[in-house]
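Presented below is the structure to which this report refers.
The values are calculated or read from the model by the stated rules, or taken from the named source; none is laboratory data. If you're wondering where the values come from, they're calculated on a predicted model, not measured in any experiment. Every residue, glycine among them, receives a Cβ derived from its backbone with ideal geometry; neighbour counts consider all protein chains shown.
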């Protein structure tokens, strides 16, 4: 398992040291990191009372996240060089925040299904009848066509309906149902 080093956190490398036939007094310790990209870093530490402590400062700006390589401890005890520990390492961020944005999609046309059929058998299934009913009703209002004057304005009404279905052919198969239900919408 690779030893973890952090880009955004100061930490200490610590280990217990026991020496046979020598004194630890005046001993030196350093941690050396060699990356696969050819970057080498050296951190100096101390050995006191059988404990080795090497401070490792934040690596942000020195190494990128996911950098890998080898790390090893070097010690000099009574003028003798030792390399008592070695491991692979990987650089990670200690603190991270991930944000996922769910983009809302807005439909181009209303998706409300409101159908007011004159009889239950006339209701086409799965068709948004609200849109043509609403749009034709608004056009009729602009031209002053109401339920009361529909007979006198019949020619204008037919022209509005015909032009609407030419411009909106997706509703053409339901033209008869839309026309029958318009009387409920005209005021």
Counting only residues that are touching a strand residue (DSSP E or B) at 6+ places or on another chain (Cβ under 8 Å) and not in a strand (DSSP E or B), which one in segment 12-22 is surrounded by the most Cβ atoms within 10 Å (Cβ to Cβ)?
17
Is one or more of the residues making up segment 39-53 under 19 Å from residue 2 (Cβ atoms), touching a residue at least 40 places away in the same chain (Cβ under 8 Å), surrounded by 12 or more Cβ atoms within 10 Å (Cβ to Cβ) and within 42 Å of the chain's Cα centre (by Cα)?
no
Is segment 141-150 home to any residue that is in contact with a helix residue (DSSP H, G or I) (Cβ under 8 Å, 6 or more places away or on another chain) and modelled with pLDDT under 80?
no
Scan (1) modelled with pLDDT of 85 or more; (2) part of a loop (DSSP other than H, G, I, E, B); (3) loosely packed, with under 13 Cβ neighbours inside 10 Å for the single condition residue 159 breaks and write down its number.
(2)
Looking for whichever is surrounded by fewer than 13 Cβ atoms within 10 Å (Cβ to Cβ), part of a loop (DSSP other than H, G, I, E, B), at negative phi and out of contact with any strand residue (DSSP E or B) (no Cβ under 8 Å at 6 or more places or on another chain) here; the options are 9, 25, 60. Which one fits?
25
